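**Q** First, the structure itself, so that you have it in front of you.
The values are calculated or read from the model by the stated rules, or taken from the named source; none is laboratory data. The model shown is predicted, which means the values in this text are computed figures rather than measured ones. As a convention, Cβ positions derive from the backbone with ideal geometry for all residues, glycine included, and neighbour counts pool all protein chains shown. Each accessible area value is taken on the protein alone, full model and side chains, heavy atoms only, with ligands, DNA and RNA left out. Shrake-Rupley method; radii C 1.70, N 1.55, O 1.52, S 1.80 Å.
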Amino acid sequence: MQFDLEAVLLALPILLLSLTAHEFAHAWVALKQGDDTAYKQGRVTMNPAAHVDIIGTLVFPALAIASGMPLLGWAKPVPTNPANYRNYKRGDILVSIAGVCANAILAVFFALVALVLFWALAATSGAASDTLGIAFQMALYGVIGNVGLIIFNLLPIPPLDGSHVMYHMLPPDAAASYRQIYPYGFIILWALVLTNALDILWPVIRGISRVLLAPIGIPLL
């Protein structure tokens, strides 16, 4: 594996912002649904220091970026107490999808930034062009990274957000059986990572990113 330091330096700040927004959204929506657990622990904030997980936010993403893997990672899970939600089922679903909604907003935002920078690049040259080129590359990472976080977190594997939604969609008996795999969720995820099984997500991530970046009119990804 050839370590791509430039890719890490450009993509990691974008991923840090994206993961911070993801966890902030969980914490903020939980507070709005009646649970102040995350609020009391200082998690309703866009300060990355409150959400960073050394392995998931820094080490794993850096290795993934440098090796050409999809831009994925995780932050410290937001602590919640669903018993405090005014409506348990509604609150749990809303809190669960809040993070991916934040990433969807960021993906669209970075696509618009990329479009503006692409136009600006066509009208500039020299040092200004180099600077815009770096910003443009970071915007592309923003699109791809946030789309990747959406697809990854919607997987119905505990403790990912998709598992909460899946639980509430199942009939009671099936939901109870599904709940039994919760303690093994991290083992399943690590098995998927170590066997490169998550590579099957890449065509989906690439396809959605292409749609968002289609107005640029150049072949990407």
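**Q** Starting from the Cα of Y184, step 7 Å along the direction of its Cβ; do the same at Y39; then give the gap between the two resulting points in nm.
**A** Computed distance between label sites Y184 and Y39 equals 3.9 nm.
**Q** With the other protein chains left in place, how much accessible area per residue, in square angstrom, belongs to the stretch 69-164 at a 1.4 angstrom probe? Please report the intermediate quantities before stating the final value.
**A** Values: 4260 Å² over 96 residues.
So the stretch 69-164 comes to 44 Å² accessible per residue, rounded to a whole number.
**Q** Counting alpha carbon pairs within less than 8 Å and at least 6 residues apart, what relative contact order, in whole percent, applies to the chain? Could you put the intermediate results ahead of the total?
**A** Details: 294 pairs, mean separation 47.9, N = 221.
After rounding, I find 22 percent.
**Q** Extending each Cα 7 Å along its Cβ direction at A122 and M46, get the distance between those two points in nm, one decimal.
**A** 3.0 nm
**Q** Can you list the residues of the stretch 130-153 with backbone N under 20 Å from a point 7 Å past the Cα of E6, pointing along Cα to Cβ?
**A** 130-145
**Q** Here is a follow-up. Using only Cα positions of the chain, each an equal point scatterer, no hydration layer, compute I(q)/I(0) via Debye at q = 0.13 Å⁻¹ and quote the log10 values to two decimals.
**A** Ignoring solvent entirely, the Cα scatterers give -0.79.
**Q** Placing one identical point scatterer on every Cα of the stretch 159-221 and ignoring solvent, what is log10 I(q)/I(0) from the Debye formula at q = 0.11, 0.14, 0.15 Å⁻¹?
**A** -0.44, -0.63, -0.68
**Q** May I pose another question? Share of the stretch 9-118's accessible area from carbon and sulfur, percent, 1.4 Å?
**A** Reported share for carbon and sulfur atoms: 69 percent.
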